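The values are calculated or read from the model by the stated rules, or taken from the named source; none is laboratory data. Source: prediction; values computed, not measured. Every residue, glycine among them, receives a Cβ derived from its backbone with ideal geometry; neighbour counts consider all protein chains shown.
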Amino acid sequence: MYIGAKAVEPLPGFKLLITFENGEQRVFNVKPYMERGIFRELKDTALFNSARMSFDTVEWANGADLCPETLYAESVAAGPERAAARDR
């Protein structure tokens with residue numbers, strides 16, 4: 001099942017809070033990707049924090065991106081404390 005992303009927020013520890021089209025908020029850990037290719041550049045915190053939406057997925061200022069299927073499949077449900085912090 002295809003579920004596109006609709007919002008992203010960079011978090012400490014090289015994680016992303018992603019809101020998907022179905023309303024779910026999930027946390028994706030980018031660290032496992034940061035030893036490969038263009039993703040190595042994301043070790044620069046400023047560049048990592050440039051994460052933004054591009055159509056239905058996440059993209060960084062250096063052109064790195066991940067497909068929505070990967071973002072959903074490899075993320076975990078955001079805990080209620082994360083949702084509460086975001087609403088402040």
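Output the residues belonging to the range 60-79 that are within 13 Å of the chain's Cα centre (by Cα) and either in a strand (DSSP E or B) or over 17 Å from ALA7 (Cα atoms) (or both). If you could, list the steps in order and put the result at the bottom.
Start the filter on the range 60-79 by keeping residues that are within 13 Å of the chain's Cα centre (by Cα), which leaves 60, 64-78.
Passing the criteria: ASP65, LEU66, VAL76, ALA77.
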(request) Out of GLY79, GLY37, report the one residue that is of a type outside the set (A, V, I, L, M) and either at pLDDT 95 or above or touching a strand residue (DSSP E or B) at 6+ places or on another chain (Cβ under 7 Å) (or both). (result) GLY37
(message) I need the full set of residues from the range 1-48 which are under 14 Å from ASP65 (Cα atoms) and of a type in the set (Val, Ile, Thr), in order please.
(response) VAL8, ILE18, VAL30, ILE38
(request) Go through the range 43-81 and give me each residue that's of a type in the set (D, E, K, R) and closer than 12 Å to PHE20 by Cα. (result) ASP56, GLU69
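Which of the residues spanning the range 20-52 are among the aliphatic types (A, V, I, L, M) and exposed (fewer than 12 other Cβ atoms within 10 Å of the Cβ)?
Within the range 20-52, just ALA46 meets the criteria.
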(message) Return the residues of the range 5-59 that are within 13 Å of TYR72 (Cα to Cα) and either over 12 Å from the mean Cα position of the chain (by Cα) or of a type in the set (Asp, Glu) (or both); say none if nothing qualifies.
(response) GLU21, ASN22, GLY23, GLU24, ASP56
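Among the residues of the range 37-45, are any in a loop (DSSP other than H, G, I, E, B) and touching a residue at least 12 places away in the same chain (Cβ under 8 Å)?
As a first pass, look at the range 37-45 and keep what is in a loop (DSSP other than H, G, I, E, B): 44.
The next check asks that each one be touching a residue at least 12 places away in the same chain (Cβ under 8 Å); those that pass are none.
For the range 37-45, residues in a loop (DSSP other than H, G, I, E, B) and touching a residue at least 12 places away in the same chain (Cβ under 8 Å): absent.
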